[in-house]
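Visitor: One structure, as structure tokens, below. Some questions next.
The values are calculated or read from the model by the stated rules, or taken from the named source; none is laboratory data. In this text the structure is predicted, and so the values were computed from the model without any measurement. We place every Cβ from the backbone using ideal geometry, glycine too, and count neighbours over all the protein chains shown.
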């Protein structure tokens, strides 16, 4: 799984990370549904995952973020028959250095990168534990990486083209 952020976003998140300390990660809620039996479905089994985040604010020097992970296991038949659905939500708390007030942009970038990265090992362990309790082998769970976004060649071309136009002759012309 890859989280892709622009270089400026990574820098903003790094600045907040340097002024914070991870204090707690706890399971907030979980949900699992067994939808099929391995013996009745076609192997190998695949896994689709997604996530979402919510910053719950900076209160008394503590930044609280909720990270939700969703996993769905499918068989390899043409119809992709569901095997299981699992959702887990984690509260993650960071103590922010006294006197430091992160911007809303910094919090947004941090929650979408660093908080997900910090919760990922807990989500992987939770998925492994629950799938074994459902009686299934856990599908391969990918590592999580935060990488810089690659520059969009079309955006660069648009910037260059717009920069060459005489004043007042932009795209709206």
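Visitor: Is it true that some residue in the range 114-126 is modelled with pLDDT of 80 or more and assigned to a loop (DSSP other than H, G, I, E, B)?
Guide: At the first step, the residues of the range 114-126 found to be modelled with pLDDT of 80 or more are 114-126.
Now restrict to residues that are assigned to a loop (DSSP other than H, G, I, E, B): none.
No, every residue in the range 114-126 fails to be modelled with pLDDT of 80 or more and assigned to a loop (DSSP other than H, G, I, E, B).
Visitor: Still on this structure, please answer the following. Being buried (at least 17 other Cβ atoms within 10 Å of the Cβ) and touching a residue at least 40 places away in the same chain (Cβ under 8 Å): is that true of residue 65 here?
Guide: Here the answer is yes, as residue 65 does meet what is asked.
Visitor: Starting from the range 108-132, take each residue that is over 15 Å from residue 87 (Cβ atoms) and list its partners that are part of a helix (DSSP H, G or I), counting only C-beta distances under 6 angstrom and pairs at least six apart or across chains.
Guide: Filtered contacts from the range 108-132: 109/9; 109/12; 109/13; 110/13; 110/16; 113/13; 114/13; 114/17.
Visitor: What about residue 73, is it in contact (Cβ under 8 Å) with a residue 24 or more places away in the chain, touching a strand residue (DSSP E or B) at 6+ places or on another chain (Cβ under 6 Å), surrounded by 15 or more Cβ atoms within 10 Å (Cβ to Cβ) and not in a strand (DSSP E or B)?
Guide: No: the conditions fail for residue 73.
Visitor: Let me ask something else. Considering every residue within the range 143-158, establish whether at least one is at pLDDT 80 or above, within 30 Å of residue 56 (Cβ to Cβ), surrounded by 11 or more Cβ atoms within 10 Å (Cβ to Cβ) and touching a strand residue (DSSP E or B) at 6+ places or on another chain (Cβ under 8 Å).
Guide: Within the range 143-158 (the criterion being at pLDDT 80 or above, within 30 Å of residue 56 (Cβ to Cβ), surrounded by 11 or more Cβ atoms within 10 Å (Cβ to Cβ) and touching a strand residue (DSSP E or B) at 6+ places or on another chain (Cβ under 8 Å)), the answer is yes, since at least one residue qualifies.
Visitor: A further question follows. Could you please find all residues in the range 43-61 being more than 17 Å from residue 85 (Cα to Cα) and surrounded by 13 or more Cβ atoms within 10 Å (Cβ to Cβ)?
Guide: Of everything in the range 43-61, those that are more than 17 Å from residue 85 (Cα to Cα) and surrounded by 13 or more Cβ atoms within 10 Å (Cβ to Cβ) turn out to be 53, 54, 55, 56, 58, 61.
Visitor: Has the range 80-90 got at least one residue that is part of a strand (DSSP E or B), within 15 Å of residue 119 (Cα to Cα) and touching a helix residue (DSSP H, G or I) at 6+ places or on another chain (Cβ under 9 Å)?
Guide: Filtering the range 80-90 for residues part of a strand (DSSP E or B) gives 82-90.
Applying the additional criterion that residues be within 15 Å of residue 119 (Cα to Cα) yields 87-90.
Next, from what is left, pick out any that are touching a helix residue (DSSP H, G or I) at 6+ places or on another chain (Cβ under 9 Å): 88, 90.
Checking the range 80-90: at least one residue is part of a strand (DSSP E or B), within 15 Å of residue 119 (Cα to Cα) and touching a helix residue (DSSP H, G or I) at 6+ places or on another chain (Cβ under 9 Å).
Visitor: Quick one: how many residues across the range 127-140 are touching a helix residue (DSSP H, G or I) at 6+ places or on another chain (Cβ under 7 Å) and at pLDDT 80 or above?
Guide: Selection size over the range 127-140: 1.
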